[in-house]
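Structure record follows, encoded as structure tokens.
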Amino acid sequence: MSLSTVDPRRWWALLVLAAAQFMVIMDTSIIGVALPEMQRDLGFSQGDLQWVFNAYVIAFGGLLLLGGRLSDLLGARKVFTAGWAVLIAGSVVAAAASTAWVEVAGRAIQGVGGAFIAPAAMTLLMMLFGHDSRELGRALAVYGAAAPAGGTAGVFLGGVITEWLSWPWVFIVYVPIGVATLLATKLLPAASGARGSVDVLGAAAVTAGLALSVFAVVRAPETGWGSAQTVLGLAGAAALLALFLLLQKKARTPLMPLGVWRTPRLASSNLAMALLGAAWIPMWFFLNLYLQQVLGYGAFASGAALLPMTTLLMVFMVALTARLLGRFGARPLIAGGLALLALGLLWLAAVEPTGTFAVDVLPASLVAALGMSLAYIPAMMTAVSGVRQEQAGLASGIVNTTYQVGSALGLAALTALATSRGAGRIGDLPALTEGFSAAFTWAAAIAGAGALLTLLLMRDRATVRTEEKGEKEEERIGV
């Protein structure tokens with residue numbers, strides 16, 4: 001009999017796992033309203049400020065597959081514990097930073113910790129509740145709700161902490177919470193790892209390729225898109241990512257077996273997630289800057305201004321999206337959600353230097369949040385629903401990686417665009433607004449393209465079921 005069948009502490013263990021999901025997601029949102037304060041204290045340029053976010057995202061997204069593999073080999077609880085230790089260390093470095101490059105290093109270390117925590121937490125959840133489909137459903141609902149709750153809390157807490165303490169405290173807060181989590185890991189099931197090898201070279205190739213591509217795009221406005229630095233940087237990134245694919249094809253135990261991409265709707269749902277991240281994260285980034293650098297909001301007021309958007313996102317994800325998914329299926333929700341996100345972004349593109357929150361920000365941000373809430377969970381579930389049970393963790397890692405990669409590249413490209421259109425001229429409100437507007441406009445184009453491609457490329461449930469029946473019939477008659 002499995003541990004999860006007899007252990008009455010499993011619901012307390014779920015709280016530990018949900019808290020981990022809450023903190024990992026909060027780590028991407030809590031810094032938003034603190035960015036202008038960090039910029040002033042650490043000397044970030046307007047274009048380089050994005051590295052505070054992207055350093056975390058690149059490490060997190062690039063190492064998720066490695067974190068999942070280590071969880072299988074070493075045991076999920078060990079990797080979960082190690083991830084928290086790394087996240088605490090990164091938080092200390094980020095809080096103590098006195099220069100921009102140390103801050104970026106601390107954020108990258110935090111991302112490494114998050115990449116170990118997230119897949120290990122999902123493995124532990126399956127160990128605890130996989131024996132009972134009803135319990136598993138309730139556990140997944142609690143675990144899933146922790147993500148938007150973390151995003152909402154991060155926006156609000158970031159404002160409160162930055163306004164009444166100082167920006168280093170947005171990182172210091174992770175230390176006591178992390179220590180408490182480490183003490184609570186005794187509630188989690190222990191399991192011996194499996195035998196096998198780790199594709200360290202593959203993990204290094206994909207992470208380095210992503211980092212180099214973002215660096216080349218970030219530097220392009222300064223060096224020129226046709227400069228040797230930009231061209232060679234992008235070419236080197238492409239070579240590293242091609243090397244990763246080659247290694248996956250040749251490795252005995254690859255991080256990402258390429259055969260998984262034959263799963264119906266896996267590729268189309270990952271494309272949707274990439275474009276969703278490439279539109280949503282830049283919107284969140286530039287909206288924070290517009291509120292503080294153009295409208296003159298303080299950190300607390302900026303966090304409070306984003307609270308309606310993040311609250312709506314959390315409520316709709318938890319209470320509405322699952323019902324709609326069961327009734328209409330994933331394809332119309334993903335396409336419709338991306339279309340609504342595009343509409344909200346186009347609305348934001350009309351911001352003015354003399355704008356107001358009630359007219360220029362609130363209604364547009366609520367429309368965008370509604371679109372995000374409709375698209376995110378269906379795309380995530382579609383990516384993992386068609387794979388074999390033993391590949392569910394792999395599919396989850398792939399779609400999370402895809403979202404992070406899309407976020408990083410989208411933010412890099414749109415930051416370069418916004419800077420070239422005036423977003424780097426702090427104090428010049430018309431120039432700042434023009435740059436932010438350009439970023440919102442192109443983010444809307446990305447979301448709109450995602451909606452269109454989802455309609456064109458993603459098959460509906462009936463088509464997939466018909467094709468699967470045909471394949472089974474062919475196997476039965478020996479075709």
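Of the residues that make up the range 78-95, is at least one more than 24 Å from T185 (Cα to Cα), part of a helix (DSSP H, G or I) and among the basic types (K, R)? No; the residues of the range 78-95 include none that is more than 24 Å from T185 (Cα to Cα), part of a helix (DSSP H, G or I) and among the basic types (K, R). Could you tell me whether the range 318-326 includes any residue that is surrounded by 21 or more Cβ atoms within 10 Å (Cβ to Cβ), of a type in the set (G, A, S) and farther than 27 Å from T354 by Cβ? Among the residues of the range 318-326, not one is surrounded by 21 or more Cβ atoms within 10 Å (Cβ to Cβ), of a type in the set (G, A, S) and farther than 27 Å from T354 by Cβ, which makes the answer no.
For the range 361-375, check the following and say yes or no: at least one residue is in contact (Cβ under 8 Å) with a residue 24 or more places away in the chain and within 30 Å of L255 (Cβ to Cβ). Talk me through it step by step, then tell me what you get.
Quick first cut of the range 361-375, residues in contact (Cβ under 8 Å) with a residue 24 or more places away in the chain only: 361-362, 365-375.
Right, trim to within 30 Å of L255 (Cβ to Cβ) and you get 372, 375.
Within the range 361-375 (the criterion being in contact (Cβ under 8 Å) with a residue 24 or more places away in the chain and within 30 Å of L255 (Cβ to Cβ)), the answer is yes, since at least one residue qualifies.
Please work out if Q50 is at pLDDT below 80 and surrounded by fewer than 24 Cβ atoms within 10 Å (Cβ to Cβ). No, not satisfied. Which residues, taken from the range 446-463, are surrounded by 16 or more Cβ atoms within 10 Å (Cβ to Cβ) and either within 20 Å of the chain's Cα centre (by Cα) or modelled with pLDDT under 90 (or both)? Across the range 446-463, the qualifying residues are I446, A447, G448, A449, G450, A451, T454, M458.
Out of the range 337-380, which residues are assigned to a helix (DSSP H, G or I), among the small types (G, A, S) and under 25 Å from Y403 (Cβ atoms)?
Let us first name the residues in the range 337-380 that are assigned to a helix (DSSP H, G or I), namely 337-348, 357-380.
With the extra rule that they be among the small types (G, A, S), the set shrinks to 337, 339, 342, 344, 358, 364-365, 368-369, 371, 373, 375, 379.
Hits for the range 337-380 are G337, A339, A342, G344, A364, S365, A368, A369, G371, S373, A375, A379.
Do you know which residues across the range 213-236 are closer than 20 Å to G422 by Cα and of a type in the set (S, T, N, Q)? Listed by number, the list holds a single entry, T223.
Which residues, taken from the range 213-272, are at positive phi and in the same structural domain as A412 (by TED's automatic domain parsing)? Steps first, please.
Within the range 213-272, the subset at positive phi is 224, 265.
Of everything in the range 213-272, just one residue is at positive phi and in the same structural domain as A412 (by TED's automatic domain parsing), namely R265.
Of the residues M381, M372, the single one that is within 14 Å of A443 (Cβ to Cβ), assigned by TED's automatic domain parsing to the domain that holds G397 and not basic (K, R) is M372.
Taking the range 219-254 as the range and being under 22 Å from L64 (Cβ atoms) and either of a type in the set (F, W, Y) or in contact (Cβ under 8 Å) with a residue 40 or more places away in the chain (or both) as the test, the residues that pass are F244, L247, Q248, A251, R252, T253, P254. In the range 246-270, how many are at pLDDT 80 or above, farther than 30 Å from G329 by Cβ and either surrounded by 15 or more Cβ atoms within 10 Å (Cβ to Cβ) or in contact with a Gly (Cβ under 6 Å, 6 or more places away or on another chain) (or both)? Residues flagged as at pLDDT 80 or above, farther than 30 Å from G329 by Cβ and either surrounded by 15 or more Cβ atoms within 10 Å (Cβ to Cβ) or in contact with a Gly (Cβ under 6 Å, 6 or more places away or on another chain) (or both) within the range 246-270 amount to 2. Yes or no: the range 271-292 includes at least one residue that is in a loop (DSSP other than H, G, I, E, B) and not polar (S, T, N, Q). No, the range 271-292 has no match at all. In a residue-by-residue description of the range 150-162, the property of being among the aromatic types (F, W, Y), surrounded by fewer than 18 Cβ atoms within 10 Å (Cβ to Cβ) and modelled with pLDDT under 80 applies to no position.
The values are calculated or read from the model by the stated rules, or taken from the named source; none is laboratory data. Predicted, not measured: the structure shown is a model, and the values here were computed from it. Cβ sites come from the backbone with ideal geometry, for glycine too, and all protein chains shown count toward neighbours.
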